[in-house]
1. Considering B:Leu85, B:Leu40, B:Leu68, which residue is under 10 Å from the mean Cα position of the chain (by Cα) and not in a helix (DSSP H, G or I)?
2. Quick check on this structure: which one of B:Leu40, B:Leu60, B:Leu50 is at negative phi, within 10 Å of chain A (Cβ to nearest Cβ) and either hydroxyl-bearing (Ser, Thr, Tyr) or in contact (Cβ under 8 Å) with a residue 12 or more places away in the chain (or both)?
3. Out of everything in segment A:81-130 that is farther than 25 Å from B:Phe59 by Cα, aliphatic (A, V, I, L, M) and open to solvent by 20 Å² or more (accessible area, probe 1.4 Å), what residue ends up being modelled with the lowest pLDDT?
4. Identify all residues within segment B:75-100 that are more than 8 Å from chain A (Cβ to nearest Cβ) and more than 15 Å from B:Leu50 (Cα to Cα); write none if there are none.
5. Report, by residue number, each residue of segment A:39-75 that is within 10 Å of another protein chain (Cβ to nearest Cβ), open to solvent by 40 Å² or more (accessible area, probe 1.4 Å) and within 19 Å of the chain's Cα centre (by Cα).
6. Exactly one condition in (1) buried (at least 17 other Cβ atoms within 10 Å of the Cβ); (2) assigned to a helix (DSSP H, G or I) is false for B:Pro35; which is it?
7. Pull out all pairs, ordered by first then second residue, where Cβ-Cβ is under 8 Å, the residues are six or more apart or on different chains, the first lies in segment A:161-178 and is away from chain B (no Cβ under 14 Å) and open to solvent by less than 10 Å² (accessible area, probe 1.4 Å), and the second is part of a strand (DSSP E or B) and of a type in the set (S, T, N, Q).
Amino acid sequence: MLPTSTLQIYGEFTEEIPPSEEYLTLHFSPNSAARKRRWGNFGLSADFLGDYFAAFFPGDEVPESKINLRDTVKAAVSFIANELLENAVKFNEDAANCPVSISLHLYEREIIFCVVNYANPTIAETYQTFIRELLNSDLDEFYTQQLEKAATGMSGSSMGLLTMINDYAARFGWKFQPFEPYPDVIEVRVLVRLDL
Amino acid sequence: MEIKTDDYSIWHDPESATIFFRGFLRLDGMEQYQPVMEVLLQAIDQSSSLTLNLRELEFLNSSGISMLSMFVVKVRERGNLRMILQGSDKVLWQTKSLKNLQRLMPSLTLEFG
């Protein structure tokens, strides 16, 4: 059986997200024609999530940094939410007519992001090939290799994903699952853990 | 040459051979970054050293980081061009990601302030 036709899990994925007192979910209605017009709105949404979750943190100093804890949370959440949303929207299959969603769950020193989008099987398979390569590589070497690829104009370097992992120490889990009503649509669920 | 929008501005000061970036840059993919790349490429035709002042650039998405890395490789290919990146230690993405560009060009100078 092809990998795309069965459930596939990679990285630090858990079905159950631990209960959290603070969480928030945004849904974006599916509509491919409006992507260009709405692109800026994803950035605004990411900034909103950054501001919203930063408000739970004090402005304490962070060792070896000139940016306090609240501003660190704001900037990190905003960057990660923006990258996750950009990817989810870019690779979303509108045929499924399902919304892209992003949820953030807050814990004492951690935030869990969960993003869901619907992809066609070819895109889902390319993504999984990349994930397998990433998980079987030395991160530092792989990062340098992909950066060189991006810098010489080769596509598919996935610098967004690698920046979150390499620069922000974000930990990823992925689940790919056929989406029941549509045989040619794969539900892609990405779980990202960020230590604060 | 300069680019000015509600979200960001980029301008070249030929006298100090510096390109200044300000605001929030999160364009949709490399194609959208082409006009920014053109500002950068025009500037390296005009001098033997170039400074990119990013201190007021509060946000850059990964496509923008890829655009900067493409530019660094273009500078590297010239062989005789000195480049300085000025970052802010109060802007998180800069403290996290700018140093990676030195992997592409070890002679690149990073100045944080």
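The values are calculated or read from the model by the stated rules, or taken from the named source; none is laboratory data. Bear in mind the structure is a predicted one, so any value in this text is a computation, not a measurement. For neighbour counting, all protein chains shown are included, and Cβ atoms are generated from backbone atoms with ideal geometry for every residue, glycine included. What goes into the accessible areas is simple: the full protein's heavy atoms, side chains included, and nothing from ligands, DNA or RNA. Shrake-Rupley method; radii C 1.70, N 1.55, O 1.52, S 1.80 Å.
1. The match here is B:Leu85.
2. B:Leu60
3. A:Ala95
4. Scanning segment B:75-100 gives B:Ser88, B:Gln94, B:Leu98, B:Lys99.
5. Listed by number, the residues that qualify are A:Gly40, A:Leu44, A:Lys74.
6. Every listed condition holds for B:Pro35 apart from (1).
7. Every condition considered, the pairs that remain are A:Trp174/A:Gln8; A:Phe176/A:Gln8.
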